[in-house]
Amino acid sequence: MRSSWADSVTNSAADTAAAGSSANNGAGSTSRPARTSYVPPHLRNRPPSSEPPAPAHSGTSVSNDRPGYGVPPSGNRWGGPRSDLGRSGFGGGGRLGGGGGGSGWNNRAGGWDRGKEREANPFGDDVDAEPAFNEQENTGINFDAYEDIPVETSGENVPPPVNTFAEIDLGEALNQNIKRCKYVKPTPVQRHAIPISLAGRDLMACAQTGSGKTAAFCFPIISGIMNGQFAQRPHGARTVYPLALILSPTRELSCQIHEEARKFSYQTGVRVVVAYGGAPINQQLRDLERGVDILVATPGRLVDLLERARVSLQMIRYLALDEADRMLDMGFEPQIRKIVEQMDMPPRGVRQTMLFSATFPKEIQRLASDFLSNYIFLAVGRVGSSTDLIVQRVEFVLESDKRSHLMDLLHAQRANGTHGKQALTLVFVETKKGADSLEHWLCMNGFPATTIHGDRTQQEREQALRSFKSGNTPILVATDVAARGLDIPHVAHVVNFDLPNDIDDYVHRIGRTGRAGKTGLATAFFNENNSSLARALSELMQEANQEVPAWLSRYAARSSYGGGRNRRTGGRFGGRDFRRDAAAAFSRGGGGTDYYGGNISSGGAYGSNPGGYGGAYTSAWD
DNA sequence: AAAAAAT
């Protein structure tokens, strides 16, 4: 069984600690001479690590002029005092070794290519060979618009945002990977969320679809694991002890997060493993046995692994829930509660918990606060900006006319040339059966389509997604399994063939287009059956400066409050900390009392609407 | 009522 980097550094850390330089309570501080110490079986057979475990950014300047908010000596919850209140001793105390030798993280490939195997290059061979087409991919984000993003934060002592990756001391290896990913500047959610996470704080973050949330929680986790000193994880038996857990609601999303996290952690020695259902468990078990620092998983398979005692959550320092509102809704909440509260995971306040989603209904926030400790709420709206970049259309289409109407759209697209490899069409339907039958019908009518839904085998699902992404099958018919999080470049058109019942689901679905600065089109087929959505939909479209058909407004006016469980309150920028409302309710109209030290900042986007989200323009995102 | 998530 191989182990991961965090284990091996702990061994070295013990040596360093013996030299008396570490303030942290790292691994056993007994003094042992280097390398003559006991080497656990899983670490034997490795060439001795001769270089000191000195971090690249050895101790030096945090290029941040705000005292008190520098990059903390990570692992702060474990290695030192909680950093969220009165912090001290930031100057890199707790960093490993004083070796000023500037040996970078990337010098120490953490056992990866020292062993038999070499870490596969997650960037592929074509990193630099990619034509300009992909070059646009990551640089195409409309950064100018970033200056105008409304941002709301609340909570105690909110660390200020950064403007560049360089301001954050993420370490050489991670910086390299950021370059390889062609990330030039942090996105707004990254600018705010990364300093918050690096400060060790719990976080509830709302940020638009396609705005870089994955990196926002991965970077601090990876950096924390690299910098942290962790007690030697138990070994033996067949149980593994990841340091970080990332949960997501669908298998494909977990895969995607895993792929991204692998890029971010390339040559850092931090090991990322994914586990999800529908796939043979044996390969996943083998992957785990080779060592895991970050485990990405769907809930069901994780519970399975926990019950088999193949995974223990005892050493979890970081817990991230992607699509957190989904993870805590009725379908998932019991499982999540079991994983987080009834297994062996350290309690909140001990681990660091981060929740991310584009939408965060108030009642889910209330639930979520069970898992958080003194957290910061962050809402970043109108990124670059998805809603602006998505043109939303609603058409009145009778149930019986939907197919022919879709056919008209597809023919028009074909005529336009907006069809094919670089203009994919994603069609959402309500049911799995409906997905199959629509797919069949499309194929019969000369439109190559495939489908993804929960009745298909995992192999079929993944094949469908690949075929769609590659443009081989430029039409994908999907249930809500594909509504959230999936990053599929070149989706030019999202068709809500059947509208969802909940406006948040609509938000996530249309967010499959208009990503990373690209424009997109979203067309919805509306009829009587959707009248409960009319009001929320029309409000949403208004907020996004979309043209609302008169007939929809009439529906909206007629229909009672609907739009699913969470009505948007007054059409404001939805990203709002429910604690504020709660506090306001308690303080009985205190109005100005900013109990939680809230802090609203915005650029020019608001124009004459100082500090408020109550104006005509707001965002869909909550 | 549907979808997702373990076997």
Extended-chain gain in nm, criterion 0.36 nm per residue less alpha-carbon gap, A:Q458 and A:Q422
10.4 nm
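Ordering A:V184, A:V491 from largest to smallest accessible area (1.4 angstrom probe), what's the sequence?
A:V184, A:V491
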Residue among A:F377, A:V397, A:G349 farthest towards the positive dipole end of the stretch A:349-418, charges placed on Cβ
A:G349
q = 0.11, 0.12 Å⁻¹, the stretch A:386-558: log10 I(q)/I(0) [Debye, one scatterer per Cα]
-0.41, -0.50
Rounded to the nearest 20 debye, what is the charge dipole size of the stretch A:386-558 about its Cα centre when +1 sits on each Lys and Arg Cβ and -1 on each Asp and Glu Cβ?
460 debye
So how exposed is A:R576, as accessible area in Å² (1.4 Å probe, rounded to 10)?
60 Å²
Using a 1.4 angstrom probe and counting only protein chains, how large is the accessible area of A:K338 in Å², to 10?
70 Å²
Hull volume per residue for the stretch A:312-405, using the convex hull of the C-alpha atoms, in Å³ is 165 Å³
Label point distance in nm, A:R290-A:E528, each placed 7 Å from Cα along Cα→Cβ:
5.9 nm
The ratio Rg/Rh over the Cα atoms of the stretch A:245-343, Rh being the Kirkwood inverse mean 1/r radius, stands at 0.93
In the stretch A:386-558, if the dipole is taken from +1 on Lys/Arg beta carbons and -1 on Asp/Glu beta carbons about the Cα centre, which of A:Q546, A:A524, A:G514 is farthest to the positive end?
A:G514
Taking a threshold of 24 Å on the Cα-Cα distance, which of the pairs A:K182/A:K213; A:K362/A:K469; A:K185/A:K469; A:K402/A:K432 fall above it?
A:K362/A:K469; A:K185/A:K469
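I need the calculated FRET efficiency for the pair A:A415 and A:R393, taking r as the beta carbon distance and R₀ as 25 Å, to the nearest 0.05.
Computed FRET efficiency for A:A415 and A:R393: 0.90.
The values are calculated or read from the model by the stated rules, or taken from the named source; none is laboratory data. From a predicted model like this one, the values you see are computed outputs, not experimental measurements. Note that each Cβ is placed from the backbone with ideal geometry, even for glycine, and that neighbours are counted across all protein chains shown. Calculation scope for accessible area: heavy atoms of the full protein, side chains included, ligands and nucleic acids excluded. Shrake-Rupley method; radii C 1.70, N 1.55, O 1.52, S 1.80 Å.
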